[in-house]
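Participant: Dropping the structure in here first, questions after.
The values are calculated or read from the model by the stated rules, or taken from the named source; none is laboratory data. The shown structure was predicted, so the numbers you read here are calculated from the model rather than taken from an experiment. Virtual Cβ from ideal backbone geometry, glycine too; neighbours counted across all protein chains shown. Please note that ligands, DNA and RNA were not included when accessible areas were found on the heavy atoms of the full protein model with its side chains. Shrake-Rupley method; radii C 1.70, N 1.55, O 1.52, S 1.80 Å.
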Amino acid sequence: MNPTIALQCDLREVFAAQANPERALGQQRYMKSALPFYGLTKPDTARAVRTVLARHPLAEREDWVDAILTIWDEAERREELYAVLALLRHRAYRAWALDPAHLETLRRLIITGAWWDLVDEIAAHCVGDLLAARPAAVTPVLYDWAREENLWVRRSAILSQLTAKADTDRNLLSYAIEHSLADPDFFARKAIGWALREHAKTDPAWVIGFVSLNADRLSPLSRREALKHFG
């Protein structure tokens, strides 16, 4: 059997065996998702995914990419998308995940995922890990992402350094934020504040200076989030 089909079928069978229709309805309402849920808890989803991925090792990069895109594109329930997030970050495929060519796959997932529960993990961890590992190749791409029309691509550029701490490229962070300052969308403004708040844990003086310099352009939400830890 095709490795992608085998993995996809096993995931669906394991999820379906643990389905909770009542919880699934609540999860779908909370997430405002057009895609229904199986109704698994987050820990149960993680355990199920670990078990299934261990049963279906992927020997070739092409198989890994095919599994990512097929399971994502054909998902019948949202937990299947969460399984793809785990597949993206699985330690067995880390070398493939750190190839800059992988950015195009991530961009496709960001655009089609278009919601915070999917995009934010891809941005902070998948894109972020790539940026940390291959800054010379990835940084110019993120400068391009920061200027894109698509909100979620721009949000990903802003959030790509959430875990960078002292290694944060402040020029890239500034650029990404500045190109979304005029966007009135909640998710743009929240991302700006979140990115600044996280960097404030490492470099509070820089964040205070950035907020002061852009006081007339930052939304109240972004400013409030950025300065949250300053009491």
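Participant: Could you give each residue of segment 84-97 its phi-based ³J(HN,Hα) in whole Hz, using Karplus coefficients 6.51, -1.76, 1.60 with θ = phi - 60°, and x for Gly or Pro?
Facilitator: So the J values, rounded to whole Hz, are 5, 4, 5, 5, 4, 9, 5, 4, 5, 10, 4, 4, 5, 5.
Participant: Turning to a different aspect of this structure: For the chain, take the longest principal axis of its alpha carbons; what is the angle in degrees between that and the long axis of helix 204-213, to the nearest 10 within 0 to 90?
Facilitator: 70 degrees
Participant: Using θ = phi - 60° and the Karplus form 6.51 cos²θ - 1.76 cosθ + 1.60, what ³J(HN,Hα) does each residue of segment 165-174 get, whole Hz, x for Gly and Pro?
Facilitator: Running phi through 6.51 cos²θ - 1.76 cosθ + 1.60 with θ = phi - 60° gives 6, 5, 8, 4, 7, 5, 5, 5, 4, 4 Hz.
Participant: For Arg170 and Asp183 in the same chain, what is the full-extension length gain: residue separation times 0.36 nm, less their Cα-Cα distance, in nm?
Facilitator: 2.6 nm
Participant: Still on this structure: What accessible surface, in Å², does a 1.4 Å probe find on Thr112, ignoring ligands, DNA and RNA and rounding to the nearest 10?
Facilitator: 80 Å²
Participant: From the list [x] 49, 38, 35; [y] 59, 37, 29; [z] 58, 41, 29, can you say which value of Cα extents along the principal axes in Å was derived from the structure given?
Facilitator: [z]
Participant: Suppose all protein chains stay in the model; what accessible area per residue would a 1.4 Å probe give for the chain, in Å²?
Facilitator: 49 Å²
Participant: Note the angle between two axes, namely the Cα long axis of helix 103-113 and the longest principal axis of the Cα atoms of the chain, as a number of degrees from 0 to 90, rounded to the nearest 10.
Facilitator: Helix 103-113 sits at roughly 80 degrees to that axis.
Participant: ³J(HN,Hα) across segment 29-40 via Karplus (A = 6.51, B = -1.76, C = 1.60, θ = phi - 60°), whole Hz, x for Gly/Pro?
Facilitator: So the J values, rounded to whole Hz, are 5, 4, 7, 6, 9, 6, 8, x, 10, 7, x, 7.
Participant: Can you tell me which of 140-148, 172-180 comes out highest on packing, and rank the rest after it, using the mean Cβ neighbours within 10 Å?
Facilitator: 172-180, 140-148
Participant: Using per-residue counts of other Cβ atoms within 10 Å, averaged over each peptide, order 123-129, 183-189 from highest down.
Facilitator: The packing order, highest mean first, is 123-129, 183-189.
Participant: Right, here's the next one. Rounded if a/c is under 1.5, else prolate if a/b beats b/c, else oblate: with a ≥ b ≥ c from the C-alpha gyration tensor eigenvalues square-rooted, which is segment 74-120?
Facilitator: oblate
Participant: Given a 1.4 angstrom probe, I'd like the percentage of the accessible area of segment 1-138 that is carbon and sulfur, rounded to a whole number.
Facilitator: Answer for segment 1-138: carbon and sulfur cover 54 percent of the accessible area.
Participant: Reachable lysines from Lys42, Cα under 22 Å, same-chain residues fewer than 8 places away excluded?
Facilitator: Cross-link targets: Lys32.
Participant: Sum -39500 (n - 2.57) across every DSSP H segment of at least 4 residues in the chain, then divide by the residue count to get the 222 nm mean residue ellipticity, nearest 500.
Facilitator: -19500 deg cm²/dmol
Participant: Enumerate the aspartates and glutamates that Lys201 could reach by cross-link, defined here as Cα to Cα under 16 Å, with residues fewer than 8 away along the same chain left out.
Facilitator: Of all the aspartates and glutamates, those that pass the test against Lys201 - Cα under 16 Å, at least 8 places apart if same chain - are Asp167, Asp169, Glu225.
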